[in-house]
1. Between Arg211 and Asn282, 0.36 nm times their residue separation minus their Cα-Cα distance comes to what?
2. Provide the FRET efficiency to the nearest 0.05 for the Lys244-Arg330 pair, computing r from the beta carbons and using R0 = 35 Å.
3. Express in nm, to one decimal, how much length is gained between Lys44 and Glu164 on full extension, taking 0.36 nm for each residue of separation and deducting their alpha carbon distance.
4. Strictly over 25 Å apart at the Cα level, which of Lys80/Lys184; Lys144/Lys184; Lys80/Lys145 would you flag in this model?
5. Label 7 Å along Cα→Cβ of Lys234; the stretch 85-114 residues with amide nitrogen under 20 Å?
6. Stokes-Einstein diffusion coefficient for the chain at 25 °C in a medium of 0.890 mPa s, Rh from the Kirkwood formula over Cα pairs: what value in µm²/s?
7. Measure off 7 Å from each Cα along the Cα-to-Cβ vector at Gln76 and Ser314, then give the distance between these two points in nanometres to one decimal.
8. List every residue whose amide H lies under 5 Å from the amide H of Lys189, counting only residues 5 or more places away in sequence or on a different chain, with H placed 1.01 Å from N in the peptide plane.
Amino acid sequence: MKNLFAFNNLGKLIHISEVNKRNNEYYTCINCGKELIAKKGKIKAHHFAHKAVLDCNFETYLHKLGKLIFYQTYNQCVEKNIPYYVEYETSYICSTCESNNAIKKTCELGIQVNKFDLTTRYDLVNIEKSYDGFIADILLESSKKEINDKIFIEIAVTHTCEIEKQESGIRIVEIKLNDEKDIKIIKEKSLNIENENINFYNFKTKTTDIRKPLNQCDKEFEVFSVLKNKKAIKRLVKAKNIQKILNDKMYVYNKILFYDNNESERFGGYVFIELVEEASNNGIDVKNCFVCRFFTYNNSYLNEMPYFCKRLKSGFDNTNIGADCNKFWRIGKTYTQQKI
Ligand SMILES: [Zn+2]
Ligand SMILES: [Zn+2]
């Protein structure tokens, strides 16, 4: 076993890099308590080695080391007023838009990651402390009586947090250590959501309703419209501007696209084509090439135009040219059914 950390004769946890060969210190293993020798040679990487060959398990050593480092780092933060952060998610919504007649929904404005300084609420840190029938590797709590919620910090080496603990409702941050290098996760003083070695249990996403005044919400919706000039467009429109569009005589047909259940629909290439077909089938006079029987895709690789008109025998890239084309010939519903 080649450990990077040990206790010195004062019981202080030290890293091999802090060892000065001249000051004849005595080192012991943080796991088995037996004597260690600091190996600071020129060839092998510096480390502590057990003086005698012993049955000392590296996983238990790493688990103990994780707890000690967390305890030491966190305590220093409390004493020196240095923040120790935990990240949490806030989901922003706007419920005012339920009263917006065009939307009639709560807007989901997305999730943001925020940081909270744990030391501002939990000023006490203990190793292996029991709470509510469980023993926490590290228990964070407050010295103030009115604050009685706790946070468990669990160091996972060989196995992850037991199911009973996960289901207890207690907020747990689990830090997975694969080797001694992972100690840096603890020393970074920020338990980050995107870190693959960190799992969060029972941390709920906070929801904040920003309740924008009516018609001032910036949530963007996709809106498909057919214009008076028979052209079709699909674009993003802010909630605050949707009513204006619905009232605008320039548009003869509007459809707001809500992707609440399936956000991936948004990226389907056929969405626009289907919307044009739907409008046309609903009797809207949309003169877009997607609903003209002379429309086809351009198969020529030499031509950069993605579409081809069978009547005009030419490639094109904007299907709204159908609105100004005297050869436009609307297809019936049968085409829609055959296409897919
Ligand atoms: Zn040992
Ligand atoms: Zn809104």
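A short reminder: the numbers here are calculations on the coordinates, not readings from a lab. Keep in mind it's a predicted model, so treat the numbers as computed, not measured. We place every Cβ from the backbone using ideal geometry, glycine too, and count neighbours over all the protein chains shown.
1. Net length gain for the segment: 22.0 nm.
2. 0.70
3. 38.9 nm
4. Lys144/Lys184
5. The answer is 103, whose backbone nitrogens lie closer than 20 Å to the label point.
6. Stokes-Einstein gives a translational diffusion coefficient of 94 µm²/s.
7. 7.4
8. none
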